[in-house]
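The structure appears below as structure tokens.
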Amino acid sequence: MSRLSEQTKQELVNLINKEISINNISKKLGLCKSTIYYYYKKVKGRKIISPKFEIIDSEAEGEIIGAFAADGCSCPQSQYQVTYIFGIDEDNYANDFIKLLYSYFNKPPYKYKRKQNNTIILRYKSKLIYRFIQQHLVWENPKTYSIKLKSTNHSKEFIKGYLRGYFDCDGYTEKKYSRIEIMSVSKNSIDQIIYFLRLFEYNPKLKSYHNKKLNKKRLYTVRLNKQDAIKFLDFIQPRNPKRRLDGAARI
């Protein structure tokens, strides 16, 4: 760590005391974040925020769980990591999803980009949040092939959120024909999604594809035709701009 002049050090401490973010301090003083964090800990102490939330079978809970079922992973052996993985072109969606996570858990996730594999990572290290995920979902490793809700007995608000979260991550909007698809290699998840769609009086069609030559797992796809798709999109109001017909922001 480079040695700071007394003037720079004093300016840094003043900014820390004014609760200026580490990113903004870095831009203002031209200092690396590790240096700022070193002084931040000296001035403020190590800042660890514990999540605070209440499980009430809400729409927000459903969305958080649905997105994890589609594009999440966890590692209890590594400080109970809970991770969401988005495409590098989904930065707006990731930022909006962070707001949802923060509003529910009262704790922001750590966000970073992996340019080598074109992904955006949102991550928590929290036993409470890990247990929250485990309370709703069950799977065998590898997670992708077996993930499912422990129960389909949830409020309609939770189910609506679950469909939004899952569709935002593992769905597709065919804008030319106004159709939508939800995909998974987990037959368990697809069966539950079909059940939920029928619960809301949609008429889903199921198809599957198995590429034996490439030794791929069977892919299951649920499709809604134009009439149902438009109603579905209007109902769940996708958070991910890529899943909307017109790209308009959520209301």
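Rounded to 0.05, the FRET efficiency of the VAL43 and LEU245 pair, given R0 = 45 Å and the Cβ-Cβ distance, is 0.35. Count neighbours as other Cβ atoms within 10 Å of each site's Cβ, and list the GluC sites (Glu not before Pro) in the range 7-97 that are DSSP loop with at most 15 such neighbours. Loop-located and lightly packed - GLU19, GLU54.
The GluC sites (Glu not before Pro) found in the range 152-251 that occupy coil by DSSP, while having at most 13 further C-beta atoms within 10 Å, are GLU201.
Placing dummy labels 7 Å off each Cα toward the beta-carbon, the span from VAL13 to SER178 is 6.5 nm. Once divided by 2.2 N^0.38 Å, the Cα radius of gyration of the chain becomes 1.18. Here the residues ILE133, ILE190, ranked from fewest to most Cβ neighbours within 10 Å of their Cβ, fall in the order ILE133, ILE190. Any idea which of PRO241, ASN225, GLY72 is furthest toward the positive side of the dipole for the chain, if Lys and Arg beta-carbons carry +1 and Asp and Glu beta-carbons -1? Most positive-ward Cα: GLY72.
For the range 168-217, the set of chymotrypsin sites (Phe, Trp or Tyr not before Pro) satisfying both a DSSP loop assignment and a count of at most 10 other C-beta atoms within 10 Å is given as TYR177.
Each reported figure results from applying straightforward, stated rules to the coordinates on display, with no laboratory input. If you're wondering where the values come from, they're calculated on a predicted model, not measured in any experiment. Here the Cβ is made from the backbone with ideal geometry for all residues, glycine too, and neighbour counts use every protein chain on show.
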